[in-house]
Structures are given as structure tokens and as C-alpha cells.
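The values are calculated or read from the model by the stated rules, or taken from the named source; none is laboratory data. Note that the structure is predicted; figures quoted are calculated from it, not measured. Because the Cβ atoms are built from the backbone with ideal geometry, glycine has one as well, and the counts that use them run over all protein chains shown. Just the protein is used for accessible areas: all its heavy atoms, side chains included, with ligands, DNA and RNA removed. Shrake-Rupley method; radii C 1.70, N 1.55, O 1.52, S 1.80 Å.
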Amino acid sequence: MVGQIVGMACKSLLLGLLFFGAAVGCVPKEELDSDDLEPSMDWEDIMSHSDVRGEDPASSAAVPAPVMSKKQAMDDYVGKSRQALLGDIENAAPYAGGILGIKGSSKYFIASVSSIPEYDRLYWVIVKVLSEKYSCFISAKQDIGLMTRFTCRDKRQVLFWKKRNDRFIEFTSRQFDRDGFEIKVVRKQIVRISSQKVI
């Protein structure tokens with residue numbers, strides 16, 4: 001009997017504490033202020049926060065310096081390699097997540113694999129170039145390894161050579177007339193630039 005009385009008293013006390021906690025400490029979700037949900041630190045502080053104990057702030061602030069110098073060195077390296085890659089490209093301009101320009105008689109496109117990771121995504125850039133730069137309405141397509149040949153409705157042919165490594169993806173394209181001579185457009189006129197059939 002005493003055990004039952006003690007058990008009931010404990011239940012009553014527990015229910016009372018739960019009720020009191022709900023009344024005092026809990027806020028209905030509709031009464032929450034959006035400021036209450038914001039983190040107490042900025043993202044910059046969160047990302048750079050160090051939990052190292054026993055160090056003074058000056059020494060802990062000095063820790064990221066080597067990382068920054070490595071990042072700057074990598075940025076310089078990437079900048080120089082990009083400049084080397086783009087050095088012989090004429091009329092280079094941003095295009096579809098990369099750079100499009102002219103290399104000799106070819107159109108040349110290059111992008112980082114972070115922007116265009118695979119050939120499937122590169123295909124859509126190729127179609128955009130065919131439409132916007134070659135005014136080619138595709139009537140046929142043929143894949144030969146890493147080369148793709150498109151035949152336009154007016155019988156011109158545009159060939160794309162694709163290449164990818166762990167940092168860059170690129171293509172080079174050239175266009176040919178229906179007889180297989182390489183051509184280019186000069187002042188809105190199609191001009192043969194090869195003296196014999198190329199394809």
C-alpha cells in the first residue's frame with residue numbers, strides 16, 4: 001500500500017514538473033522569433049573557430065597563415081597555367097561556363113572540369129556553338145572516338161575534337177564544305193582555306 005502511495009506521488013510530482021516546464025520554459029513554435037534561430041556567430045567565425053585551449057589568440061591566429069600562402073601559390077599557378085593555355089587564343093571570351101576563342105582556323109573552347117565535368121555536358125556547349133557560331137541546323141551526327149562530325153542542313157560539315165584531363169575539358173572545331181574543303185566565313189562569305197580536300 002505504501003509503495004502504491006509513493007508511486008502515485010512520484011507520478012504526480014513528475015506531471016507537475018512537466019506542466020511547470022511547459023508553462024515556463026517552452027515557447028510555442030508560432031511565437032518563435034526568427035532572431036532566436038540565427039547562429040550566435042558569423043559563418044566566417046564558425047569556419048575559422050579553433051578549439052585549441054591554452055594558446056593565446058595571437059598564436060592561434062597565426063596558424064592559418066601557411067594555408068593562405070599555399071592557396072595563394074595555387075591561385076598563382078592556376079592563373080599562370082590558364083594564361084599559358086589561353087595565350088595563343090584570339091578573341092577569347094567567356095562562353096557557356098568556359099572560354100571560347102579562335103586558334104588558327106579552328107574555334108577553341110576550354111573550361112575547368114568543376115564547371116563542365118563530362119563530355120555529356122560538353123555536348124550541349126557544342127550544340128550551342130553549332131547554332132550560334134556556325135549557324136548550323138544539324139541534319140546528321142556521327143561519333144568517331146573523341147571526334148564528332150555534324151552535317152548541317154546546307155551540307156556543310158563541322159568536326160569537333162574533344163579532350164579532357166583532370167583539370168580541363170576542351171574542344172577544337174573546324175568546318176568543311178560539302179566537298180570536304182576546309183572553309184571559314186570572311187565578311188559573310190564562305191571561303192575555302194584548304195587547296196585540297198581534307199575530309
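Restricting region 82-177 to GluC sites (Glu not before Pro) that sit in a DSSP loop and have at most 11 other Cβ atoms within 10 Å of their own Cβ leaves E118.
When you filter the chymotrypsin sites (Phe, Trp or Tyr not before Pro) in region 119-199 for DSSP loop state and at most 13 other Cβ atoms inside 10 Å of their Cβ, you are left with F137. The 1.4 Å probe gives accessible areas that order L146, L122, largest first, as L146, L122. Applying the Karplus relation 6.51 cos²θ - 1.76 cosθ + 1.60 with θ = phi - 60° to region 150-159 yields 3J(HN,Hα) values of 10, 10, 8, 4, 8, 6, 5, 10, 10, 10 Hz, where x marks Gly and Pro. Measuring against 23 Å, Cα to Cα, the residue pairs K107/K128; K163/K197; K128/K162; K133/K184 contain K163/K197 as the ones spanning a longer distance.
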